[in-house]
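Down below is the structure, laid out as structure tokens.
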Amino acid sequence: KQEVTQIPAALSVPEGENLVLNCSFTDSAIYNLQWFRQDPGKGLTSLLLIQSSQREQTSGRLNASLDKSSGRSTLYIAASQPGDSATYLCAVSGNTGKLIFGQGTTLQVKP
Amino acid sequence: GAGVSQSPSNKVTEKGKDVELRCDPISGHTALYWYRQSLGQGLEFLIYFQGNSAPDKSGLPSDRFSAERTGGSVSTLTIQRTQQEDSAVYLCASSLVTRGEQFFGPGTRLTVL
């Protein structure tokens, strides 16, 4: 059974810092991995999708990497801003596309 | 363009009542997913529709839960005889194709008293 773990559960940093969020999964037979952010009381916003054949994806200040064989992904956020404060969720999908989620990392960026 | 929409945004019901939650996916998206987010369980998959294929119902927690997707577009999740443990945020997502990037709606917060 696929399990997804995110470390740390919570993170507080001063504005401007670069930071890394970690995601690990137990079964390397994934089809893709998706990173989301969730603001309090809101739905999920897709940030990046990495196909299993890819090593990384970039969008603006965000960079996500995938090491499928070791069951790991990282989300790198450059020059963090208070507006980046949210919960970040990692999810992997298998053949049917249904997502298995981690518990999330709650990020606070202090001005 | 319009994203995934869900209604109602909030629903408060009494234990034992039936509820219907609605999802309008992004136009043209063939795959539609329902998930549930609760404090104790995190985000968990419920059911998946792809085109005219039989839905994957493997995540439904009990036979009180059912869903349908009419005309390959709008979907309705029905919970019969609601229980307090059904209280959660129900999220709908759609993707252009199976295993594609999923886009989520704002969710329906269900509270069972």
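For (1) in contact with a Leu (Cβ under 7 Å, 6 or more places away or on another chain); (2) of a type outside the set (A, V, I, L, M, F, W, C), each residue gets a yes or a no:
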| position | (1), (2) |
| --- | --- |
| B:25 | yes, yes |
| B:36 | yes, yes |
| B:45 | yes, no |
| B:50 | no, yes |
| B:59 | yes, yes |
| B:78 | no, yes |
| B:101 | yes, yes |
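For residues that are among the polar types (S, T, N, Q) and outside any strand (DSSP E or B), tally how many sit in the range B:1-12. Give the derivation first.
First pass over the range B:1-12, keeping only residues among the polar types (S, T, N, Q): B:5-7, B:9-10.
Now narrow it down to the ones that are outside any strand (DSSP E or B): B:9.
Qualifying residue count, the range B:1-12: 1.
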TODO: Among the candidates B:82, B:111, single out the residue that is in a strand (DSSP E or B), at pLDDT 95 or above and over 22 Å from residue A:88 (Cβ atoms).
DONE: B:111
- [ ] Would you mention how many residues in the range A:83-96 are facing chain B (nearest Cβ under 8 Å) and surrounded by fewer than 21 Cβ atoms within 10 Å (Cβ to Cβ)?
- [x] 2
Open item on the list: Being more than 10 Å from chain B (Cβ to nearest Cβ) and open to solvent by 50 Å² or more (accessible area, probe 1.4 Å) narrows it down to one residue among A:65, A:73, A:80, A:69; which is it?
Closed with: A:69
- [ ] Please work out which residue is farthest from residue B:78 (Cα to Cα), limiting yourself to the range B:13-32 and to residues that are part of a strand (DSSP E or B) and open to solvent by less than 30 Å² (accessible area, probe 1.4 Å).
- [x] B:31
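Within the group B:54, B:67, which residue is assigned to a strand (DSSP E or B), farther than 24 Å from residue A:40 by Cα and either open to solvent by 80 Å² or more (accessible area, probe 1.4 Å) or not charged (D, E, K, R) (or both)?
B:67
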Task: Condition check for residue A:28: open to solvent by less than 10 Å² (accessible area, probe 1.4 Å) and either touching a Lys or Arg at 6+ places or on another chain (Cβ under 7 Å) or not in a loop (DSSP other than H, G, I, E, B) (or both) - done: no
Open item on the list: Against the conditions (1) within 18 Å of residue B:105 (Cα to Cα); (2) more than 11 Å from chain A (Cβ to nearest Cβ), where does residue B:66 fall short? Just the number, please.
Closed with: (1)
TODO: Would you mind telling me which numbered condition in (1) of a type in the set (Ser, Thr, Tyr); (2) under 22 Å from residue A:95 (Cα atoms); (3) not in a strand (DSSP E or B) residue B:35 fails?
DONE: (3)
Task: Residue that is within 14 Å of residue B:26 (Cα to Cα) and aromatic (Phe, Trp, Tyr), where the choices are B:45, B:104 - done: B:104
Open item on the list: Being more than 11 Å from chain A (Cβ to nearest Cβ) and either under 13 Å from residue B:37 (Cβ atoms) or among the small types (Gly, Ala, Ser) (or both) is the filter here; which residues of the range B:95-113 pass it?
Closed with: B:110
Open item on the list: Suppose we keep only residues that are facing another protein chain (nearest Cβ under 8 Å) and crowded, with 16+ Cβ neighbours inside 10 Å within the range A:32-47. Which one would you say is farthest from residue A:2 (Cα to Cα)?
Closed with: A:43
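The values are calculated or read from the model by the stated rules, or taken from the named source; none is laboratory data. Here the structure is a predicted model, which means the values were calculated and not measured. Glycine gets a Cβ as well: all are built from the backbone with ideal geometry, and neighbour counts include every protein chain shown. Keep in mind that these areas ignore ligands, DNA and RNA; they rest on the heavy atoms of the full protein, side chains included. Shrake-Rupley method; radii C 1.70, N 1.55, O 1.52, S 1.80 Å.
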